[in-house]
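The values are calculated or read from the model by the stated rules, or taken from the named source; none is laboratory data. Note that this is a predicted model, so its numbers are computed, not measured. When we count neighbours, we look across all protein chains shown, and the Cβ atoms used for this are built from the backbone with ideal geometry, even at glycine.
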Amino acid sequence: MGKVIKLVNIWYGSGENAWLSNLAYRPFKYKGKYYISVEMCYQSWKSGEFDPFVYSRNWTAGSKFVGKKGTKTNRNWNIKFMGMIMLLSFYTNPEEYKKLKELGDVKFTHIQDKGIWKKVFPLILETIKEEEGERSPPVA
């Protein structure tokens with residue numbers, strides 16, 4: 001019998017492993033500004049340029065304010081950006097990064113999502129989890 005891999009669904013709204021969500025409180029700095037969550041940073045920059053209106057909203061854990069400037073998708077820019085800020089958020093919060101690394105044999109899912117992140121978000125998280133050795137944190 002092969003090894004058993006546990007499915008770990010991540011969805012902040014239902015509380016399913018909410019600590020792994022991009023809406024979770026996992027503060028970090030990017031380009032000199034403070035973000036309380038990956039989602040705050042992503043929505044503030046997803047167009048490829050800073051959106052001060054989105055950044056200035058009343059962000060708390062679990063909140064999401066969608067930027068109105070569009071999404072830069074050329075050469076998968078938005079996906080690469082998401083991966084970089086997710087990694088930065090874990091590097092900046094080593095206790096959460098350690099918990100992620102210690103999850104064992106798991107496969108992440110994001111089943112409630114209807115868009116691209118349904119498949120992409122779990123892959124990014126698995127890549128971060130499976131990273132071997134020490135690496136310099138992404139440039140903030």
Phe108 being outside any loop (DSSP other than H, G, I, E, B), surrounded by 17 or more Cβ atoms within 10 Å (Cβ to Cβ) and under 17 Å from the mean Cα position of the chain (by Cα): yes
Options Ser89, Ser63: the member that is within 17 Å of Trp11 (Cβ to Cβ) and within 14 Å of the chain's Cα centre (by Cα): Ser63
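I'm checking my understanding of the structure. Among residues of the stretch 1-55 that are of a type outside the set (A, V, I, L, M, F, W, C), within 17 Å of Phe108 (Cα to Cα) and not in a strand (DSSP E or B), which one is modelled with the lowest pLDDT? First the steps, then the outcome.
Residues of the stretch 1-55 that are of a type outside the set (A, V, I, L, M, F, W, C), as a first pass: 2-3, 6, 9, 12-17, 21-22, 25-27, 29-35, 37, 39, 42-44, 46-49, 51-52, 55.
Filter once more, so that each one left must be within 17 Å of Phe108 (Cα to Cα): 3, 6, 9, 12-17, 21-22.
If we keep only those that are not in a strand (DSSP E or B) too, we end up with 3, 12-15, 17, 21-22.
Details: Lys3: 75, Tyr12: 97, Gly13: 95, Ser14: 96, Gly15: 96, Asn17: 98, Ser21: 98, Asn22: 98.
Top of the filtered list is Lys3.
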Total residues in the stretch 41-62, condition exposed (fewer than 11 other Cβ atoms within 10 Å of the Cβ) and closer than 17 Å to Lys29 by Cβ: 2
